[in-house]
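The values are calculated or read from the model by the stated rules, or taken from the named source; none is laboratory data. Note that the coordinates shown come from a computational prediction; the quantities given were computed from them, not determined experimentally. Cβ atoms come from the backbone with ideal geometry, glycine included; neighbour counts cover every protein chain shown. Ligands, DNA and RNA are excluded from the accessible area calculation, which covers all protein heavy atoms including side chains. Shrake-Rupley method; radii C 1.70, N 1.55, O 1.52, S 1.80 Å.
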Amino acid sequence: MIKTIVAGFAGGMTLNLIMLLTFRAIGFGWNGVGILLTSSIQSQKLIAVWTTLEPLPLVVANPAPIITGLVLFGIWHAFVYEWLSAAWPKGLLPRALRFAGLQFFMVFLFWEFFTPFNQFGEPLLLVALELLFWAAIAIGEAFVIASIMERGKSGA
């Protein structure tokens, strides 16, 4: 159980770091001048949600609970990995890619379809950029979790 918690903590920290490097640095920018807020094709509704409509998202106004929550999700993800990976082919690469794909298609693709595209009217081009960010996040977290969970196993 300790190994799973450590893997999840590391995965959650990786999730936070890659989100910082993609959504924050590129997408929203350090000072709100990223492509997701300044693109001429962006939905004004989405821009308002992130910049002017009160209350602002917690990740903007008070990020600590979100950072902590993402680490807790990472721990949960490690337990899901442990539960499912026994049915997958052995080895770090096949297991990490399966886990990344599972997260991407079941969580991130759904999220982008239902919220930015559906609720905020975000254009497909910017949704596609966000999906690239989510793919990087899913792959990074999955490889960190799988690397720790597969350490010491034969065929890893």
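Scanning for something of a type in the set (D, E, K, R) and within 20 Å of residue 141 (Cβ to Cβ), does segment 35-47 turn up at least one residue?
No: segment 35-47 contains no residue that is of a type in the set (D, E, K, R) and within 20 Å of residue 141 (Cβ to Cβ).
Please work out which residue is surrounded by the most Cβ atoms within 10 Å (Cβ to Cβ), limiting yourself to segment 81-104 and to residues that are in a helix (DSSP H, G or I), touching a helix residue (DSSP H, G or I) at 6+ places or on another chain (Cβ under 9 Å) and aromatic (Phe, Trp, Tyr).
Result: 81.
Could you list all residues from segment 105-123 that are more than 17 Å from residue 80 (Cβ to Cβ), of a type outside the set (S, T, N, Q) and open to solvent by less than 60 Å² (accessible area, probe 1.4 Å)?
Scanning segment 105-123 gives 112, 116, 120, 121, 122, 123.
Looking at segment 96-118, can you tell me whether even one residue there is under 22 Å from residue 31 (Cα atoms) and in contact (Cβ under 8 Å) with a residue 60 or more places away in the chain?
Yes: segment 96-118 contains one or more residues that are under 22 Å from residue 31 (Cα atoms) and in contact (Cβ under 8 Å) with a residue 60 or more places away in the chain.
Filtering segment 125-156 down to residues that are open to solvent by 60 Å² or more (accessible area, probe 1.4 Å) and under 16 Å from the mean Cα position of the chain (by Cα), which residue is nearest to residue 81 (Cα to Cα)?
Selected residue: 139.
Quick one: would you say residue 128 is closer than 19 Å to residue 37 by Cα and small (Gly, Ala, Ser)?
Spelling it out, residue 128 is indeed closer than 19 Å to residue 37 by Cα and small (Gly, Ala, Ser).
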